[in-house]
Amino acid sequence: EHKSYFKIGVTRVWNTISHLKNYKNLATFLLAYFFYIEGVNTIIFFSGNYASTTLGFSEIELLVFFLTVQTTALAGSVLLGIIADSIGQKKTIMITLVMWLITVLIAFLVQDKNGFYVVGLIAGAAMGSSQSTSRSMMSKLTPPEKKTEFFGFYSFFGKSSAVFGPLVFGLVSFISGDQRLAIISIAFFFIVGFLIVTRVKDPDYA
């Protein structure tokens, strides 16, 4: 008798969750990752819409903005990767989350297009580091025999986490009629993620 794909999927996820109970430090990191990647994905998802509707960016200006983000993402990934080698992934992730909070604050405050390019610069650097450093931290905390199982869960969080963030952004934007308030509300995910990350033990920098 063939089980449905859905049932197999649910069983595997449940098995992974039950195994995670034995790896408290890894589970703590995954919880932190869930929150802050929610904020990251929400900003990536809504930044174009925010720039065009709130700040009046043209298509050419949006293209320049996203090219700026992609360029600094590469630079941020390399630079913060070097920093991570010196101080560890945990502290680097915490620096990255502070950068995201600064990004959200500036985005809330800026009234002109030039200011939003600054947002793009910081966001790009933070985005590149968020992804590469988180993956390195995940790899460090995962036992070799559990890599396939736990990295599947990590990828699942990365792909499906952009649910609550957009919901919060959309609700705040709809209720207040102001996308600036919606942007600042995303800070919640970075703050919660930061607070949980502080409880993660970096094995190489304990």
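Some observations on this one:
- Against the criterion of solvent-accessible heavy-atom surface with a 1.4 angstrom probe, M94, M138 sort, most first, into M94, M138.
- Each Lys and Arg Cβ is given +1 and each Asp and Glu Cβ -1; about its Cα centre, the range 93-170 then shows a dipole of about 160 debye.
- For the chain, complete DSSP H runs whose alpha carbons reach 27 Å or more along their own long axis and whose mean Kyte-Doolittle score is -1.0 or higher are 24-53, 59-87, 89-109, 113-141.
- Within the chain, longest stretch free of exposed trypsin sites (Lys or Arg not before Pro) [DSSP loop, at most 14 other beta carbons within 10 Å]: 22-198
- Placing +1 on the Cβ of every Lys and Arg and -1 on the Cβ of every Asp and Glu, with no other charges, gives the chain a dipole of roughly 760 debye about its Cα centre.
- Computed with a 1.4 Å probe over protein heavy atoms only, the accessible surface of the range 54-107 comes to 51 Å² per residue.
- Farthest positive-ward along the chain dipole, Cα basis, beta-carbon charges - from S52, I122, L80: L80
- Per-atom-type breakdown for the chain gives carbon and sulfur 68% of the accessible area (1.4 Å probe, protein chains only).
- Of D202, D178, D112, the residue with the largest accessible area leads and the full order is D112, D178, D202 (1.4 Å probe).
- Cα pair distances exceeding 19 angstrom across the range 72-136, given as percent: 29 percent
- 17 Å tail of the calculated P(r), the range 105-160, as % of Cα pairs: 54 percent
- Long pairs among K113/K147; K91/K146; K90/K113; K113/K201, criterion Cα-Cα beyond 32 Å: K113/K147; K90/K113; K113/K201
- Stokes-Einstein diffusion for the chain at 25 °C, viscosity 0.890 mPa s, with a Kirkwood radius from C-alpha pairs, works out to 136 µm²/s.
- Relative contact order for the chain, counting Cα pairs under 8 Å that sit 6 or more residues apart, in percent: 38 percent
The values are calculated or read from the model by the stated rules, or taken from the named source; none is laboratory data. Quick caveat, the model's predicted, so the values are computed rather than measured. All Cβ positions, glycine included, derive from the backbone under ideal geometry; neighbour counts span all protein chains shown. Heavy atoms of the whole protein, side chains included, go into the accessibility calculation; ligands, DNA and RNA do not. Shrake-Rupley method; radii C 1.70, N 1.55, O 1.52, S 1.80 Å.
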